[in-house]
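The values are calculated or read from the model by the stated rules, or taken from the named source; none is laboratory data. Just so we're clear, the structure is a prediction, and the values are computed from it rather than from any experiment. All Cβ positions, even for glycine, are placed from backbone atoms using ideal geometry, and neighbour counts span all protein chains on display. SASA here: full protein model, heavy atoms, side chains in, ligands and nucleic acids out. Shrake-Rupley method; radii C 1.70, N 1.55, O 1.52, S 1.80 Å.
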Amino acid sequence: MKRTRFGSRDRLSRDAAELQRMAIGLSESGGKLEDSYWEELLAETVDSLLKNGAEDDINTALDRLFEANPRAHDELADMVESRAETSRLEAHGQEFDIQLFAAPVLAWSRFSIPACALPKSTVEALTVQLGAHVFGADTRVALADYLFSPDQLPRSFCDTWQMTQALGLATLAGQHLAVDAAGMAETNRFLSDVRYLVGGIAVPRGKPLFRWNEKDGNKEAALKEWIKQGSPNLEPLLTGCAWQPLLPDAYHAGCRNADRLSRPYSLKASVAFLQTTLGLMPADMRAVVGPCYDRRMEEYRVGLGPKNKDDTYHGIVWPLLGAEDEATDAAGEIEAVLRECGVKDVVFLDHHFPMEFCEDCGAPLYPNAEAELVHAEMPEQAATDSQVLH
């Protein structure tokens with residue numbers, strides 16, 4: 001999940017100023033003991049702001065630090081994310097650490113990718129598989145009974161904190177979290193997208209949270225078993241889709257990993273879509289790649305079409321994430337994915353394209369071989385299947 005923020009010039013509140021001061025102190029700390037001092041102060045302040053819904057103060061401090069002190073910005077961002085996705089609760093005289101988690105699933109389809117309520121039997125089966133193969137032996141697991149699209153995830157740090165609290169209580173009560181589907185945001189329709197299982201774990205203090213924290217565990221084995229044992233329960237939810245489960249992880253880490261892996265997955269899905277829909281083989285495709293800028297380089301856009309015509313049938317946006325910038329070899333990764341798919345005609349344009357979108361439908365415009373930004377249009381015979389890609 002991208003942290004980049006560009007600052008507002010609103011007057012700095014007392015709480016925002018305190019967050020800045022503490023984050024700067026932590027960023028300048030010279031030892032572990034001093035780290036602990038600043039971390040304790042900062043955690044207490046962030047907890048209070050999250051509990052009181054003071055999202056504006058948190059965002060203002062992050063905005064200012066992003067421009068003035070990037071290291072302090074990262075310290076504050078790490079702390080806010082950590083406090084939003086974790087908690088500590090007591091039950092029957094025992095303290096439990098609470099961790100919000102995300103279990104992403106990459107998917108693509110010529111039809112709509114479902115975002116839907118989960119049947120009770122599915123929630124229970126998935127909970128068993130997560131407990132057996134992803135989380136530590138002493139954890140208790142609870143799921144929200146909904147398969148979320150990115151548009152339906154918590155929109156703020158305070159919203160995330162509230163979900164953590166709700167799932168923490170549900171976990172200790174041996175229940176699952178019922179989601180009000182009527183209040184869900186509308187899901188944008190893309191050819192390739194991510195769906196999320198969201199849940200919470202409660203673990204006695206000092207015990208391993210994840211299977212790979214245990215002496216005989218590792219992430220590769222956990223993912224392999226999750227795919228093997230969890231997939232049969234996901235399959236009925238994703239009818240008509242190609243899909244790939246990712247490793248469940250702490251909420252923000254899981255979402256960021258899904259953002260990163262969804263880029264090559266979307267590119268592969270686009271190539272496969274054109275092949276299955278039009279019979280256009282990868283060797284007969286041309287990919288045109290161009291960088292797009294706002295204040296800085298924000299993303300690459302990739303236009304796909306036949307190599308013997310100037311048409312652009314489909315496109316994907318490859319956003320730069322986190323600390324990635326122009327120096328990052330995203331272009332090399334894009335080329336490697338395309339060549340792995342069998343697309344050999346790859347054109348890279350050395351232009352500074354603007355972030356342009358269609359005025360009528362809002363779709364991104366993609367570069368063609370003439371170095372123009374154009375609307376991706378499927379041929380008339382396939383127009384009914386035409387969709388916009390991430």
TODO: Considering the options G362, L191, L209, tell which one lies farthest towards the positive end of the dipole of the chain, charges being +1 on Lys and Arg and -1 on Asp and Glu at the Cβ, about the Cα centre.
DONE: L209
Open item on the list: Please report the accessible area of K51 (heavy atoms, 1.4 Å probe, ligands and nucleic acids excluded) in Å², nearest 10.
Closed with: 150 Å²
Open item on the list: Students often get this wrong: which residues of the stretch 320-343 have the backbone nitrogen under 16 Å from the point 7 angstrom along Cα-to-C-beta of H352?
Closed with: 326-327
TODO: Please get the size of the charge dipole for the chain, origin at its Cα centre, with Cβ charges of +1 on Lys and Arg and -1 on Asp and Glu, quoted in debye to the nearest 20.
DONE: 940 debye
TODO: Given the options A242, A68, A102, state which has the largest fluctuation in a GNM of the chain using a 10 Å cut-off (strictly under) for Cα springs.
DONE: A68
Task: the stretch 58-177: proportion of alpha-carbon pairs further apart than 21 angstrom, % - done: 51 percent
Task: Reach of K219 by Cα under 16 Å, taken over aspartates and glutamates that are not fewer than 8 positions away in the same chain - done: D249
Open item on the list: Explain nothing, just compute: Karplus ³J(HN,Hα) = 6.51 cos²θ - 1.76 cosθ + 1.60, θ = phi - 60°, for every residue of the stretch 371-378 in order, whole Hz, x for Gly and Pro.
Closed with: 6, 10, 8, 10, 7, 6, 9, 6
Open item on the list: Treating only the Cβ of Lys, Arg, Asp and Glu as charged (+1, +1, -1, -1), what charge dipole size does the stretch 101-165 show about its Cα centre? Round to the nearest 20 debye.
Closed with: 140 debye
- [ ] Count the net charge of all other residues whose Cβ sits under 14 Å from the Cβ of N188, scoring Lys and Arg as +1 and Asp and Glu as -1.
- [x] -1
Task: GNM result for the chain, Cα springs below 10 Å: residue of G303, G31, G230 fluctuating most strongly - done: G31
- [ ] Name the most mobile residue of E81, E124, E44, meaning the one with the largest mean-square fluctuation, in a Gaussian network model of the chain with Cα contacts below 10 Å.
- [x] E44
TODO: Enter the per residue convex hull volume of the chain, computed from alpha-carbon coordinates, in Å³ rounded to the nearest integer.
DONE: 167 Å³
Task: Protein accessible area in the chain, 1.4 Å probe - carbon and sulfur % - done: 47 percent
Open item on the list: How large is the accessible surface of W243 in square angstrom, using a 1.4 angstrom probe and rounding to the nearest 10?
Closed with: 60 Å²
Task: Accessible-area value, R211, 1.4 Å probe, nucleic acids and ligands omitted, Å² - done: 60 Å²
- [ ] Any of K207/K268; K120/K228; K51/K215; K228/K344 with alpha carbons more than 31 Å apart? Name them for me.
- [x] K207/K268; K51/K215; K228/K344
- [ ] Note down the magnitude of the dipole of the stretch 1-152 about its Cα centre, charges +1 on Lys and Arg C-beta and -1 on Asp and Glu C-beta and zero elsewhere, to the nearest 20 debye.
- [x] 620 debye
Task: Heavy-atom SASA rank of T160, T276 (probe 1.4 Å, accessible area, largest first) - done: T276, T160
Task: Residue order for C341, C361, C255 - accessible surface, 1.4 angstrom probe, largest first - done: C361, C341, C255
- [ ] Quote to one decimal, in nm, the extra length available between Q162 and A221 on full extension: 0.36 nm per residue of separation minus the C-alpha distance between them.
- [x] 18.0 nm
- [ ] Could you state the accessible area per residue of the chain in Å², with a 1.4 Å probe and every protein chain left in place?
- [x] 47 Å²
TODO: Compare the Cα positions of S149, F135, W161 along the charge dipole of the stretch 93-168 (+1 at Cβ of Lys, Arg; -1 at Cβ of Asp, Glu; about the Cα centre) and return the one farthest towards the positive end.
DONE: S149
Task: Value at 222 nm in deg cm²/dmol, rounded to 500, when DSSP H runs of n ≥ 4 in the chain each add -39,500 (n - 2.57) - done: -13000 deg cm²/dmol
